[in-house]
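The structure appears right after this line, and notes come after that.
The values are calculated or read from the model by the stated rules, or taken from the named source; none is laboratory data. Everything numeric here is computed off the predicted structure, so don't read it as measured data. Cβ: placed from backbone, ideal geometry, glycine included. Neighbour counts: every protein chain shown. Side chains are part of the model used for accessible areas, which takes the heavy atoms of the whole protein and leaves out ligands, DNA and RNA. Shrake-Rupley method; radii C 1.70, N 1.55, O 1.52, S 1.80 Å.
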4 protein chains.
Amino acid sequence: MVLLEMSIVPLGQGESVSRYVAQCVEIVDRSGLPYELHAMGTIVEGELAQVLDLMRECIETVAKSSNRVSCTAKIDYRQGVSGGIQAKVASVRAKLGQKPPAN
Amino acid sequence: MVLLEMSIVPLGQGESVSRYVAQCVEIVDRSGLPYELHAMGTIVEGELAQVLDLMRECIETVAKSSNRVSCTAKIDYRQGVSGGIQAKVASVRAKLGQKPPAN
Amino acid sequence: MVLLEMSIVPLGQGESVSRYVAQCVEIVDRSGLPYELHAMGTIVEGELAQVLDLMRECIETVAKSSNRVSCTAKIDYRQGVSGGIQAKVASVRAKLGQKPPAN
Amino acid sequence: MVLLEMSIVPLGQGESVSRYVAQCVEIVDRSGLPYELHAMGTIVEGELAQVLDLMRECIETVAKSSNRVSCTAKIDYRQGVSGGIQAKVASVRAKLGQKPPAN
């Protein structure tokens, strides 16, 4: 299992960046890999090469409309595990005695 | 609005860290501030001093059972905005023509 | 020992951010704590409360001239160690069989 | 110019990670790309595909001796600029009225 969380923003294109985040989510969505959008980034699960290629495509896409692009990324590379986007949260909730959400 | 996303893990306490993440989520939950747990960190919204104090308490709590603690954090400090945990995602979904989830 | 690496940039104030980085380095320099500026951030060593207060002062200073400020931070909290800014690099160099630089 | 700052650590292999950092620095050194090791990560400059491939090789190398590997990365993608590892620091020093270091 490789989880990549990425946040990609242009510098010099104004205060609001949701338009650029939407561009990246579209690329991730088209990939067919499981992903989750949240307020501070987008988490995607796949093979290491897959998720890094996705990040590269997102950066290069945003760079078409912005000379400077800043990206932060976190990778959780764990062998023998999958479905990490839900499993990691469920594991913490279980330790807190919380049932997983209905969905 | 200040959104802080933090991820705090001990080094040297084994491969699984969900026990420590649960400790931190309990601290954040007790604070009463709006927050969201996801697979790569916990996002909390509040005043800058509040969220930094929370992060400090979490690090010091994990450090009670681990000599070395690693923390990564991202802060989105935006004046004149609130409810960012949902609002930022809704803003991106709207640009993707997606309706916000039912909850 | 606590090492904090921080990178603080305004969103919406143009592509070049070195002016804002300089503001932050001045604040860190005035603190008297050991620090090092590099191309992707500034590393400062101190007590956890000290370095978090510094980060807060830097964010609030940049926020005086920018409505939105983005900050990324990494913290290495290790008990019983100090002088980490040089010691960590020296430890890696030793494993590579490299002598530490002359300064 | 693309600057990638990466920090790659194994989870579950003890508190000291300098051995693994040294493995990554060797890989980066062999690449021939300009780089700089500091206390919180390693900065390397190159084309986006080059630096992402290097990061992938480093993660996969550390993963040979650790089932779980955590990586944080920051990318500064700026078109029309090069030599960023020194230039960015020099630009900030100039704004602080400081002369660049002798080397």
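Screening segment D:6-103 for strands (runs of 3 or more DSSP E) wholly inside it with 2 or more residues that are touching a residue at least 40 places away in the same chain (Cβ under 8 Å) and open to solvent by 50 Å² or more (accessible area, probe 1.4 Å) returns the ranges D:35-38.
Could you tell me whether A:Ile75 is among the β-branched types (Val, Ile, Thr) and within 7 Å of another protein chain (Cβ to nearest Cβ)? In short, yes.
Here C:Val21, C:Val25 are screened, and the one residue that is more than 12 Å from chain A (Cβ to nearest Cβ) and touching a strand residue (DSSP E or B) at 6+ places or on another chain (Cβ under 7 Å) is C:Val25. Apart from one condition, C:Leu3 fits all of (1) surrounded by 20 or more Cβ atoms within 10 Å (Cβ to Cβ); (2) within 14 Å of chain A (Cβ to nearest Cβ); the exception is (2). With respect to the conditions (1) closer than 23 Å to C:Arg78 by Cα; (2) more than 8 Å from every other protein chain (Cβ to nearest Cβ), D:Arg30 lacks only one, and its number is (1). Checked against the criterion of being more than 25 Å from B:Gly84 (Cα to Cα) and either polar (S, T, N, Q) or touching a Cys at 6+ places or on another chain (Cβ under 7 Å) (or both), the candidates C:Ile59, C:Ile43, C:Ile27 yield just one match: C:Ile27. Restricting to segment B:81-103, count the residues that are more than 7 Å from every other protein chain (Cβ to nearest Cβ) and within 21 Å of C:Arg68 (Cβ to Cβ). Total satisfying the criteria: 8. Being among the hydrophobic types (A, V, I, L, M, F, W, C) and under 13 Å from the mean Cα position of the chain (by Cα) is true of B:Val44.
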